[in-house]
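Colleague: Got a structure here, written out as structure tokens. Questions coming.
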Amino acid sequence: MFDVAVVGSVNLDLVATTPRLPRPGETVSGTGYAEHPGGKGLNQAIAASRNGARVALIAAVGDDEAGSRLRSLAAEEGIDISAVAVVDHVSTGRALITVDEHAENSIVVVAGANARTHIDEMPEATVVIAQLEVPLTEVLAALLIARSRGAITVLNPAPAAPLPDELLGVCDIVVPNEHELALLGGVDALRSRGVPTVVTTRGAAGVEVVDAGGRAWTQPSFPVEPLDTTGAGDAFCGALAARLAAGDDLRDAVRFAAAAGALATTVAGAVPSLPDAGTVGELLSASGRVQR
Ligand code: ADP
């Protein structure tokens with residue numbers, strides 16, 4: 001039995017820095033190159049694990065070096081990888097990212113093995129969370145099983161995409177950012193389509209919650225000096241799942257997740273920026289002292 005099962009993508013991010021982005025047909029000289037683990041599934045699994053949850057990741061990688069590296073990384077983070085399939089003759093998911101000196105970027109995502117993610121035996125977990133970088137059929141299959149077992153089902157509808165009622169109907173909590181919420185037609189549309197609780201993340205503007213009883217409230221953001229917002233949404237979702245699994249009510253879990261999201265903006269990169277429970281706890285108690 002796990003606290004959190006994450007159904008989602010695993011990518012290797014290849015990041016080139018250049019003075020400016022190339023135009024079509026053009027070659028520019030890069031000034032730097034780095035490879036980073038990524039994919040919303042892997043990021044959120046790490047975020048939940050660092051916040052004390054026993055986590056199972058349900059995902060797929062290719063039979064390449066990147067796949068074995070990323071599986072090892074997940075295992076080193078304490079994540080159960082028995083449901084991370086290795087698919088033959090397919091590459092592990094890749095994101096090819098070019099960043100210019102103004103931090104403007106262009107990104108190509110190649111789903112690779114992520115497109116072959118398949119729900120076979122779902123591990124049992126208190127909370128099941130999914131995103132939209134793996135096939136919708138599998139997200140639906142996972143959340144249906146989770147719902148039939150009485151788990152708390154959470155969907156982070158990222159990247160933004162229109163969704164069928166069938167899928168929304170098996171979500172207890174949907175966690176969009178503002179852009180994703182707009183594409184889904186807003187909070188009222190989501191709730192009328194069967195989603196009890198909508199938790200909208202709004203960057204520095206904090207979090208807007210409408211709960212299952214129709215009560216709306218705002219969780220203000222924690223004041224930080226942002227350096228790189230990559231990973232904030234994943235830190236938020238992973239921490240939220242971990243705290244809900246630990247038995248927090250929605251208000252406490254959202255507050256904790258907002259602190260995790262804020263901290264993730266203070267460190268460069270995605271995985272390196274995902275905070276652990278101790279760091280989040282320090283920010284929460286520091287801000288508690290300020291409020292009193
Ligand atoms: P996404 O990366 O998915 O667009 P957000 O930018 O909304 O997600 O960030 C997720 C959460 O992280 C926010 O709701 C907030 O709690 C926290 N966060 C993000 N940016 C900041 C910031 N500049 N200052 C404080 N908290 C932030």
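Colleague: Within the set of pairs 6+ apart or on separate chains, which have a first residue in segment 182-199 that is of a type in the set (S, T, N, Q), a second that is at pLDDT 95 or above, and C-beta atoms under 6 Å apart?
Modeller: T197/I173; T197/D211; T197/A212
Colleague: Right, next: If I filter segment 6-35 down to residues being hydrophobic (A, V, I, L, M, F, W, C) and touching a residue at least 24 places away in the same chain (Cβ under 8 Å), which single residue comes out as surrounded by the fewest Cβ atoms within 10 Å (Cβ to Cβ)?
Modeller: Residue satisfying both the conditions and the ranking: L21.
Colleague: Checking the condition hydrophobic (A, V, I, L, M, F, W, C), farther than 17 Å from A45 by Cα and more than 9 Å from the ligand (Cβ to nearest atom), which residue from V224, V209 passes?
Modeller: Going through V224, V209 in turn, the sole match is V209.
Colleague: Here are some residues: L227, L263. Which one is touching a helix residue (DSSP H, G or I) at 6+ places or on another chain (Cβ under 9 Å) and in a loop (DSSP other than H, G, I, E, B)?
Modeller: Only one candidate passes the filter, namely L227.
Colleague: Oh, and also: Considering segment 176-232 alone, what residues qualify as being over 16 Å from the mean Cα position of the chain (by Cα), under 30 Å from V99 (Cα atoms) and small (G, A, S)?
Modeller: Within segment 176-232, A182, A204, A205, G206, S221 meet the criteria.
Colleague: Follow-up. Which of (1) near the ligand (Cβ under 8 Å from one of its atoms); (2) buried (at least 16 other Cβ atoms within 10 Å of the Cβ); (3) hydroxyl-bearing (S, T, Y) is the odd one out, the single condition T229 does not satisfy?
Modeller: With (1) near the ligand (Cβ under 8 Å from one of its atoms); (2) buried (at least 16 other Cβ atoms within 10 Å of the Cβ); (3) hydroxyl-bearing (S, T, Y) applied to T229, the lone miss is (2).
Colleague: Please enumerate the residues belonging to segment 262-292 that are among the hydroxyl-bearing types (S, T, Y) and touching a residue at least 24 places away in the same chain (Cβ under 8 Å).
Modeller: T265, T266, S273, S287
Colleague: Go through segment 88-186 and tell me which helices (runs of 4 or more DSSP H), entirely inside it, have 2 or more residues that are farther than 21 Å from D13 by Cβ and among the polar types (S, T, N, Q).
Modeller: 136-148
Colleague: I would also like to ask the following. Taking into account only those residues within segment 168-206 that are surrounded by fewer than 17 Cβ atoms within 10 Å (Cβ to Cβ), closer than 20 Å to L263 by Cα and of a type in the set (A, V, I, L, M, F, W, C), which is nearest to the ligand (Cβ to nearest atom)?
Modeller: A204
Colleague: Now, a different point. Find the residue count for segment 17-37, including only residues that are charged (D, E, K, R) and assigned to a strand (DSSP E or B).
Modeller: Number satisfying all stated conditions: 1.
Colleague: I'm told P272 meets every condition in (1) surrounded by 17 or more Cβ atoms within 10 Å (Cβ to Cβ); (2) more than 10 Å from the ligand (Cβ to nearest atom); (3) under 15 Å from the mean Cα position of the chain (by Cα) except one. Can you identify the failing condition by its number?
Modeller: (1)
Colleague: Since A257 meets every condition but one in (1) more than 10 Å from the ligand (Cβ to nearest atom); (2) within 14 Å of A53 (Cβ to Cβ), which condition does it not meet?
Modeller: Exception for A257: condition (1).
Colleague: Turning to a different aspect of this structure: Name the pairs whose Cβ atoms lie under 7 Å apart, with the first residue in segment 36-50 and at positive phi, the second not in a helix (DSSP H, G or I), and 6 or more positions between them or separate chains?
Modeller: Close Cβ pairs (under 7 Å, with a partner that is not in a helix (DSSP H, G or I)) amount to G39/G8; G39/S9; G39/V10; G39/N11; G39/G93; G39/E133.
Colleague: Let me ask something else. Go over the candidates A235, A246, A242 one by one and state the one that is away from the ligand (no atom under 12 Å from the Cβ), within 19 Å of V128 (Cα to Cα), within 16 Å of the chain's Cα centre (by Cα) and not hydroxyl-bearing (S, T, Y).
Modeller: Answer to the selection: A242.
Colleague: Let me ask another. Any idea how many residues of segment 17-41 are touching a Gly at 6+ places or on another chain (Cβ under 7 Å) and either of a type in the set (D, E, K, R) or under 22 Å from Q131 (Cα atoms) (or both)?
Modeller: Residues that pass the stated criteria total 4.
The values are calculated or read from the model by the stated rules, or taken from the named source; none is laboratory data. Just so it is clear, the structure is predicted and the values come from calculations on it, not from any experiment. When we count neighbours, we look across all protein chains shown, and the Cβ atoms used for this are built from the backbone with ideal geometry, even at glycine.
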